[in-house]
Amino acid sequence: MIEIIVDWCKGCDICIHRCPVDALEKSEELNKRGVYPPKLKEENDCTHCRLCELLCPDFAITVTTEEGEDDDKKKKSKLILGGIVNEV
Amino acid sequence: MADMINANDIRTKYLRDGMLPTIFCNGCGHGNAIDYTFWAIEELGIDTKDIALASGIGCSSRIPGYVNADGLHTTHGRAIAFATGTKAANPDLNVIVFTGDGDCTGIGGNHFIHAARRNIDMTVILLNNFIYGMTGGQLAPTAPMGSIATTAPYGNIEQAFNISELAAALGAAYVARWPVFYPYQPIKSIKEGLSTEGFALIELMSPCPTAYGRRNKLGKIDVLWNWYEDNTILIEDYKKIMTYGTDDEKVAVMDKLQIGVFQQESKKGFFEEYWKMVEMLMERDDAKHKEVSK
């Protein structure tokens with residue numbers, strides 16, 4: 001899951017360009033600033049690598065892993081996150 | 001099950017309420033620098049009460065305004081001088097200086113040089129975007145040869161200032177340079193810089209599409225971000241190519257900017273030596289006093 005604070009987005013599209021699995025696209029609705037913020041594609045291969053979250057210069061993206069989602073993916077994202085592993 | 005720390009937690013903990021969205025232009029890398037600093041602070045477990053920020057003038061110097069910690073917004077180029085004073089007054093503080101390339105090396109060049117030489121305990125996060133962005137795109141000393149700027153309309157004919165190598169030559173304890181689009185390396189470097197005693201310089205190469213990119217045919221955000229990827233090379237690779245490579249390979253990497261950790265040394269900071277001296281003198285005076293009173 002990707003949560004986006006829509007009104008903080010300035011529309012730089014860095015998240016869309018830099019996504020390693022091409023899981024993001026522009027949404028159809030304008031935000032307050034008049035730009036199209038990103039959204040997750042309906043069919044996507046998101047691995048929760050959190051690159052978009054770290055690369056967003058405007059703090060607008062949060063990647064959350066839902067309970068019960070693919071466990072392998074979950075472990076992967078835990079190890080990647082800048083060295084923070086609270087619990088594995 | 002303990003939860004993994006979420007970016008939202010980091011934001012509620014470290015970002016000052018009501019300040020977002022930032023004033024930075026679309027595609028600016030300064031926001032990333034704030035984010036990486038937050039992650040580094042979080043991973044080290046430093047309390048925000050033990051942090052003091054200092055900044056000069058410029059785009060990068062707006063950063064302390066977004067951080068939920070004490071900050072100084074000082075005169076142009078003098079951030080390091082103010083930070084030295086802060087550290088002298090309270091040695092327990094972790095002093096972080098956010099500064100730009102024009103601010104730190106152009107206007108305040110000598111403050112920077114002497115802080116690095118004296119090895120004062122502070123972490124300088126230098127956001128290098130090759131330009132004076134806030135004042136309209138004047139040429140900064142770090143701009144590569146041939147760059148177009150408002151004060152160099154026919155191209156820059158001056159040598160670029162290599163800040164990291166200068167700091168390494170001056171004997172700073174920790175020197176690293178990274179472009180902002182690699183997230184993990186800058187986080188690690190900021191962490192190491194904060195835990196190093198002595199002067200730590202982390203030069204983050206931050207893209208400026210508005211003032212630098214637009215004039216240099218790199219105006220599109222993804223084009224400018226890719227430019228950094230094509231024009232940088234890891235120090236280790238650079239050294240290997242310079243030693244073992246063919247002539248063609250050497251020419252190809254000659255003008256590229258080196259990235260990586262330039263210097264990592266453990267040496268005592270200025271204030272540790274200073275307080276040692278203060279203690280030594282106080283003991284001597286106490287001994288004298290006792291002799292007199294006898």
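The values are calculated or read from the model by the stated rules, or taken from the named source; none is laboratory data. These numbers come from a predicted model, not from an experiment. We place every Cβ from the backbone using ideal geometry, glycine too, and count neighbours over all the protein chains shown.
Okay, here's what the table says:
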read-out	value
Matching residues in the range B:256-285 - criterion: being charged (D, E, K, R) and either loosely packed, with under 10 Cβ neighbours inside 10 Å or more than 30 Å from B:Tyr228 (Cβ to Cβ) (or both)	B:Lys267, B:Lys268, B:Glu272, B:Glu273, B:Lys276, B:Glu279, B:Glu283, B:Arg284, B:Asp285
Test: residue in the range A:26-42 that is under 23 Å from B:Leu15 (Cβ atoms), polar (S, T, N, Q) and at pLDDT below 90	yes
Test result for B:Thr142, buried (at least 21 other Cβ atoms within 10 Å of the Cβ), assigned to a loop (DSSP other than H, G, I, E, B) and in contact with a strand residue (DSSP E or B) (Cβ under 9 Å, 6 or more places away or on another chain)	yes
Selection within the range B:36-62 - crowded, with 19+ Cβ neighbours inside 10 Å and touching a residue at least 60 places away in the same chain (Cβ under 8 Å)	B:Tyr36, B:Thr37, B:Trp39, B:Ala40, B:Ile41, B:Ile57, B:Gly58, B:Cys59, B:Ser60
Yes/no for B:Lys290 being surrounded by 10 or more Cβ atoms within 10 Å (Cβ to Cβ) and assigned to a helix (DSSP H, G or I)	no
Residue that is nearest to the other protein chains (Cβ to nearest Cβ) [pool: residues in the range B:157-183 that are in contact with a strand residue (DSSP E or B) (Cβ under 6 Å, 6 or more places away or on another chain) and either free of Cβ contacts under 8 Å to residues at least 40 places away in the same chain or of a type in the set (Val, Ile, Thr) (or both)]	B:Val180
Restricting the range A:9-19 to residues that are part of a helix (DSSP H, G or I) and buried (at least 21 other Cβ atoms within 10 Å of the Cβ), the residue that is farthest from the other protein chains (Cβ to nearest Cβ)	A:Cys15
Sole exception among (1) closer than 18 Å to B:Phe130 by Cβ; (2) modelled with pLDDT of 90 or more for B:Val278, by number	(1)
Any chance B:Gly18 is within 26 Å of A:Glu53 (Cα to Cα) and either among the small types (Gly, Ala, Ser) or within 14 Å of chain A (Cβ to nearest Cβ) (or both)	yes
Within the range B:1-104, helices (runs of 4 or more DSSP H) holding 2 or more residues that are modelled with pLDDT of 90 or more and within 22 Å of B:Asn128 (Cα to Cα)	B:30-44, B:79-89
